[in-house]
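Shown next, in structure tokens, is the structure this report addresses.
The values are calculated or read from the model by the stated rules, or taken from the named source; none is laboratory data. Just so it is clear, the model here is predicted, and its values are computed rather than measured. Here the Cβ positions follow ideal geometry from the backbone for every residue, glycine too, while neighbour counts run over all protein chains shown.
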Amino acid sequence: MGKRRTLVIPKNVAEKLGIKEGDKIKITVVEDKLVLQPIRDAVWLSPYGKKVAKVTLEDLEATSIEEQDKYV
């Protein structure tokens, strides 16, 4: 713990969590423990996040055409 209550995360821990300078972190208190969770953005979630649905290229193209038709 540093001045102004600054917390420094050890390099090996940051690497294990896949976090780097500038990333957002959610900090919660559970009883007498701090829990740090990286807040992932859409760019990270796309290749690495949990997949919750399967979308085919055909589905994506059909939806795209439907949406474009609304503006034409």
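Would you point out the residue of segment 15-50, among those that are among the basic types (Lys, Arg) and within 29 Å of Arg5 (Cα to Cα), that is nearest to the chain's Cα centre (by Cα)?
My answer is Arg40.
Ala42 fails exactly one of the following numbered conditions: (1) surrounded by 10 or more Cβ atoms within 10 Å (Cβ to Cβ); (2) at pLDDT below 85. What is the number of that condition? (1) is the only condition that Ala42 fails.
Just to be sure before I move on: is Ile9 out of contact with any Lys or Arg (no Cβ under 8 Å at 6 or more places or on another chain), touching a residue at least 24 places away in the same chain (Cβ under 8 Å) and either part of a helix (DSSP H, G or I) or surrounded by 10 or more Cβ atoms within 10 Å (Cβ to Cβ) (or both) in the structure I sent? Yes: the conditions hold for Ile9.
Of all the listed residues (Ala53, Ala62), the sole one being surrounded by 10 or more Cβ atoms within 10 Å (Cβ to Cβ), farther than 30 Å from Met1 by Cβ and not acidic (Asp, Glu) is Ala62.
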